[in-house]
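Taken together, the values in this text are just the output of simple stated rules run on the coordinates, not laboratory data. Everything numeric here is computed off the predicted structure, so don't read it as measured data. Cβ sites come from the backbone with ideal geometry, for glycine too, and all protein chains shown count toward neighbours.
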Amino acid sequence: MMKKPLVTAAAIAGCGFFVLTGQQAAPPAVYTAAQAAAGRAAYQSSCAKCHTDTLMGRNGTGEVPEFLRVYGGKIPPLAGANSAFAPFMTKWGARTTKALYRRIQEAAGGFPPPDRRLDEELYLNLTAYILQANGARPGTQALTTSTAVEIRSIAPTLTDTQ
C-alpha cells in the first residue's frame, strides 16, 4: 500500500526535474538601467557624431564630419549591421565586457576635443548603453571595470535586418 504513494510522488518529482532542466536560464545582467540611460545621454552628446545616432557607424558615404575624413569616413558600428563592416556581434560577441570597456576608453579618449578625458564611470555607462543596444538586459548589478563576461553570453546575436 505504501508503494503506490511513493511511486506517484517520485513520478511527480521526476516530471518537475525535467521541466526545470528544460528551461534555459536567463543570461546574467551585468549593468543597471541607470548606467545604460546615462550612457545613452553621453553617447548622444559625444559618440553619435562619429558612430551615428543609430549606432550603425559610417560606411564612407554621405556627409562625413571633417575630422573623420582621415578615416575615409568609415566608422564601425556599435550595434546591428553595416555593409562596410562586420556586424558588431560578429566582431565583439566572443570578447568580454572588460575588453569593450577598454576599447571605448582607448577610442573615446583620443577624439574631439583631443584633450578631453572621460572618467571611469562615463566609460562604464557608455559600455552599458552599447550592451543594451545589442540586446543585453539590465539588472541590479552595476557594470564595473573588472566585469569580464563574454558579450554573446549576455546579448542575443543581431541580424542584418536591424
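Here the Karplus relation 6.51 cos²θ - 1.76 cosθ + 1.60, evaluated at θ = phi - 60°, turns the backbone of segment 86-95 into coupling constants of 5, x, 3, 5, 5, 7, 9, x, 7, 8 Hz, with x for every Gly and Pro. Sorting GLU120, GLU150, GLU66 by the number of Cβ atoms found within 10 Å of their own Cβ, with the fewest placed first, yields GLU66, GLU120, GLU150.
Once backbone amide H atoms are built at 1.01 Å from N, THR32 has GLY139, LEU143 as its partners under 5 Å, excluding neighbours fewer than 5 places away on the same chain.
Going from the fewest other Cβ atoms within 10 Å to the most, the residues VAL70, VAL149, VAL30 appear in the order VAL70, VAL149, VAL30. Listing THR127, THR90, THR61 from fewest to most neighbouring C-beta atoms within 10 Å gives THR61, THR90, THR127. Taking amide hydrogens as placed 1.01 Å from N in the peptide plane, the amide H of ASN59 sits under 5 Å from those of ILE75, each at least 5 positions away in sequence or on another chain. Remark on ALA79: its backbone amide H falls under 5 Å from those of PHE88, a criterion applied only to residues 5 or more positions apart or on other chains, H modelled at 1.01 Å from N. One quarter of the convex hull surface built on the alpha carbon atoms of segment 26-153 amounts to 7.3 nm², the projected area averaged over directions.
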